[in-house]
Amino acid sequence: MGYKKEPQVFKAKIGEVVIGAGDAAVTIGGENVWSFYSFDAPIEHKPATGIEFSDKGPDRSLPELAAFYEGAESVADIAARACTAPGADFVSLILESADPNGDNIPSEDAAAIAKEAAEAATAGGKPLVIQTTGNTDKDGELIPKIAEAAQGHNVLILAAKEENYKGIAVAAVTAYGQKIGAESAVDINLAKQLNVLIAQMGIAPGSCVMQLGNAAAGYGFEYLASTIERVKLAALTQNDDTLQMPVIIPIGSDAWAVKESLVSEEDFPEWGPREERGIEMEISTAVAALAAGANAVILRHPAAVKTVSGMVDQLM
Amino acid sequence: MALKGIDIFKLTPKTNCKDCSQPTCMAFAMKVAQGVAQIEQCPHMSPDALDALSEATAPPMKAFKIGVAGGEYALGGETVLFRHDKTFVSKPLYAVCATPDAADTAIAEACKVDYERIGERMCVELIYLEYAGDKAAFAEAAKKAADSGKTLVLATDDADAAKEALSAVADAKPVLNGANPSNLDAFAALAKEYGVPLGVTADSLDALHDAVQALEKAEVKDIVIDVGAASVKSAFENAVQIRRSALKSEDRSFGYPSLVNVAKLAPGDERMQSALASLFTLKYGSIIVMEGMGYAQALPLYGLRQNIYTDPQKPMTVEVGNYPINGADENSICALTVDFALTYFIISGEVERSGVPTNLLIPDAGGYSVLTAWAAGKLSAGSIAKFIKEESIEDKIKNRNLLIPGKVAVLKGELEENLPGWNIVVAPNEAISLVKFLKEFQAAA
């Protein structure tokens, strides 16, 4: 008996979300097959790879990273430089200095920084994704201000959680027309619940993406991978429209915070230079998240962005 | 494969002789279908019927072993496409490329990475030795590689070269990778003569399917399907289609482990090879061949593999005990969390980031997260006090500050009663606040 190809095309599909304004606009989602299964049916929008930078600047102790951002000091300059990273589909600002556990700068100041980055990103032809502090109280206050400051740039703001989604959804999406991420902690039911709550606020599906959690390879990544896969299965096989938003997974913060990327070469000489370890940790984690079904990943190092994005291009 | 009772009944003698201790052949067939009885319990089954049955009940993907003691590995045997359905069975094996003229370098490269992570040894399992035109050199390098303790894949489509190498190392049970539609007969004969698994490749899925069937017809039992290196896209499609055909469409001719040569897909590009190795670790690579393997590549890749190949029903746990972090000694503070691996990793990571020397104490908490363990009664003042006693923490550590997770702040009072002399400190609810908390705690102390 010969080989019989049996394409697996689903009747349901993932929703589309457009981020960025004008020439900088990028669409994610829209697929009706497993990620990279373009042999089953054409995939219109490739998974997007983003490059992130902190408002406190890059880690200049990493030689390759420092060289990439050399001469870029202001947030606008850093954002503009990030736009030139080969393979980057979007750029992402981390408002690190707004963190209540850190500098805790006022929301107004953080919003001004966001505006600066949004203008630089749009000018550089790339959409902007803004990552806030993760502190529910601070984000509840901060995100509406960012949304107002970045008006017209169609930015994606990460993220609203179950504790603070109400104010964020209304202000960011309804009032200022931005896109938001709905963040849940590696659990399909929590993700679904938050999506339902956000939808009840009158937020259209095209304005919301899911951030299903974070993990670095080797650090409970199986939970994240299975959560993404189960979300996609529900979205595609059961046509569950409360789980059909595209999935975005920020990689950088976790990948650079694990022991493998943190310890110095002096302490672990056989492990080699720290920068290469961090790059590889980003690559393996991001590729695995994409293979599980993520529509976008956010990486910190331009070398990791180039590799991951290069792999995506070869698979499309 | 689930076979219906009625199909099995048709193959029985239908004599109701009760020799199988069931009242009727039909009842017996139903029991076999449920998996309660074994078909061998019927002494009257004809050999033809047994053959038909074993074929119908064979697993969808063949499982076999390569290598010998010390370097013996399982391949195949998968039953599901997604790990949340059931635990994946055979971890992908990583191989490093070698050529006969640089065999020593490659063997050294393959032995470079060797470490332990949560009870598992992490190392390059295989050496992928490629024939380069000199048969004697190939055989000699094969011998050398086999002696290194690594399991071997012999890569050549030249039957004479393969024979010479196999006669030197067949005892080590290597994989012979090199069959293709133009040399099937010769390679099938070699695989059978030396009893080694055979790798086969072809230009298209159709041709590959035909080639595998030809090998099956020639009675080659253990087959590895090389997904080819025409492009990343085609290699990925082949790996997915082959596994999906086997598990979803029950096409047995594709029910074999796969081999992906990422060294050939991205020559000279170490980072791209890592990316592809990660991709194929998730999606259906059984043997993954790379040019080399340094620690920078291995640390995330082996961690990823370990994660993906865990039991989805059973949380990964770390061993009970004291984990000193940042050079902690008997005078450093103690912090306690649960033995759920994910929690442990997050907490230990934050403690490391804080730079504060800390004795991280891990009691048996059933492998649950903090709140779940507490709710299930696996993390209580009593269980913590018992752990402190059994592990003789009070003898080993002089410092009497014990940080407990903020989520179980409720245990503070009871712990103070159970552990006289200890200063019980409630740490933050979330790991994210731990760095700041630990630094401030250290400064205040």
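The values are calculated or read from the model by the stated rules, or taken from the named source; none is laboratory data. No experiment lies behind these values; they were computed from the predicted model shown. No Cβ is skipped: glycine too gets one built from the backbone with ideal geometry, and neighbour counts run over all protein chains shown.
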Checklist entry - Of the residues that make up segment A:243-255, is at least one surrounded by fewer than 18 Cβ atoms within 10 Å (Cβ to Cβ), within 14 Å of chain B (Cβ to nearest Cβ) and more than 21 Å from the chain's Cα centre (by Cα)? => result no
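Would you kindly identify the strands (runs of 3 or more DSSP E) lying entirely within segment B:54-144 that contain at least 1 residues that are hydrophobic (A, V, I, L, M, F, W, C) and crowded, with 18+ Cβ neighbours inside 10 Å? Can you show your working first?
Details: elements: B:63-66, B:73-76, B:93-98, B:114-117, B:120-123, B:126-130.
Strands (runs of 3 or more DSSP E) meeting the threshold: B:63-66, B:73-76, B:93-98, B:120-123, B:126-130.
Going through B:VAL351, B:VAL408 one at a time, which residue ends up being under 30 Å from A:ASP254 (Cα atoms), in a helix (DSSP H, G or I) and more than 14 Å from chain A (Cβ to nearest Cβ)?
Values: B:VAL351 fails: more than 14 Å from chain A (Cβ to nearest Cβ).
After ruling out the rest, the residue left standing is B:VAL408.
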Item to check | Filter result (part of a helix (DSSP H, G or I), touching a strand residue (DSSP E or B) at 6+ places or on another chain (Cβ under 8 Å) and over 23 Å from A:SER309 (Cβ atoms)) within segment B:239-284 | outcome: B:ILE242, B:ARG243, B:PHE254
Checklist outcome for this item: Over segment B:379-399, the set of residues closer than 13 Å to B:LEU336 by Cβ and either assigned to a helix (DSSP H, G or I) or charged (D, E, K, R) (or both) is B:ALA381, B:SER383, B:ILE384, B:ALA385, B:LYS386, B:PHE387, B:ILE388, B:GLU391, B:ILE393
Checklist outcome for this item: Per the filter on segment A:104-133, residues buried (at least 22 other Cβ atoms within 10 Å of the Cβ) and among the basic types (Lys, Arg) are A:LYS126
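Out of B:LEU342, B:LEU360, I need the residue that is within 14 Å of chain A (Cβ to nearest Cβ), outside any helix (DSSP H, G or I) and of a type outside the set (Lys, Arg). Which one?
Every option except B:LEU360 fails the conditions.
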Item to check | Meets criteria (over 18 Å from B:GLN241 (Cβ atoms) and without any contact (Cβ under 8 Å) to a residue 60 or more places away in the chain) for B:ALA211 | outcome: no
Item to check | Yes/no for B:PHE9 being of a type in the set (A, V, I, L, M, F, W, C) and under 24 Å from the mean Cα position of the chain (by Cα) | outcome: no
Item to check | Considering residues of segment A:263-316 that are without any contact (Cβ under 8 Å) to a residue 40 or more places away in the chain, in contact with a helix residue (DSSP H, G or I) (Cβ under 9 Å, 6 or more places away or on another chain) and among the acidic types (Asp, Glu) only, the residue nearest to B:VAL351 (Cα to Cα) | outcome: A:GLU265
Checklist entry - Given the conditions (1) in contact with a Phe, Trp or Tyr (Cβ under 6 Å, 6 or more places away or on another chain); (2) closer than 22 Å to B:LEU276 by Cβ, and given that B:GLY67 satisfies all but one, which numbered condition is not satisfied? => result (2)
Item to check | Selected residue (only one of B:ALA27, B:ALA2, B:ALA63, B:ALA56 is under 30 Å from B:SER286 (Cα atoms) and modelled with pLDDT of 85 or more) | outcome: B:ALA63
Checklist entry - Can you find even one residue in segment A:16-25 that is part of a loop (DSSP other than H, G, I, E, B), within 22 Å of A:VAL305 (Cα to Cα) and charged (D, E, K, R)? => result no
Checklist outcome for this item: Given the conditions (1) closer than 17 Å to A:GLN244 by Cβ; (2) touching a residue at least 60 places away in the same chain (Cβ under 8 Å); (3) within 21 Å of the chain's Cα centre (by Cα), every one holds for A:THR27 apart from (2)
Checklist outcome for this item: Residue hits (segment A:268-316; at the interface with another protein chain (Cβ under 8 Å from one of its Cβ atoms) and at positive phi) are A:GLY272
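Among the listed residues A:GLY29, A:GLY15, identify the single one that is in contact with a Pro (Cβ under 8 Å, 6 or more places away or on another chain), buried (at least 16 other Cβ atoms within 10 Å of the Cβ) and either at positive phi or among the hydroxyl-bearing types (Ser, Thr, Tyr) (or both).
On the way: A:GLY15 fails: either at positive phi or among the hydroxyl-bearing types (Ser, Thr, Tyr) (or both).
Among A:GLY29, A:GLY15, only A:GLY29 is in contact with a Pro (Cβ under 8 Å, 6 or more places away or on another chain), buried (at least 16 other Cβ atoms within 10 Å of the Cβ) and either at positive phi or among the hydroxyl-bearing types (Ser, Thr, Tyr) (or both).
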Checklist entry - What residue, of B:ALA218, B:ALA214, B:ALA229, is touching a helix residue (DSSP H, G or I) at 6+ places or on another chain (Cβ under 6 Å), closer than 22 Å to B:VAL175 by Cβ, of a type outside the set (S, T, N, Q) and more than 13 Å from chain A (Cβ to nearest Cβ)? => result B:ALA218
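What tally of residues in segment B:145-172 results from selecting those that are closer than 17 Å to B:GLU125 by Cβ and not in a helix (DSSP H, G or I)? Steps first, please.
We begin by selecting, within segment B:145-172, every residue closer than 17 Å to B:GLU125 by Cβ; these are B:145-155, B:169, B:172.
Right, trim to not in a helix (DSSP H, G or I) and you get B:148-155.
Residues in segment B:145-172 being closer than 17 Å to B:GLU125 by Cβ and not in a helix (DSSP H, G or I): 8 in total.
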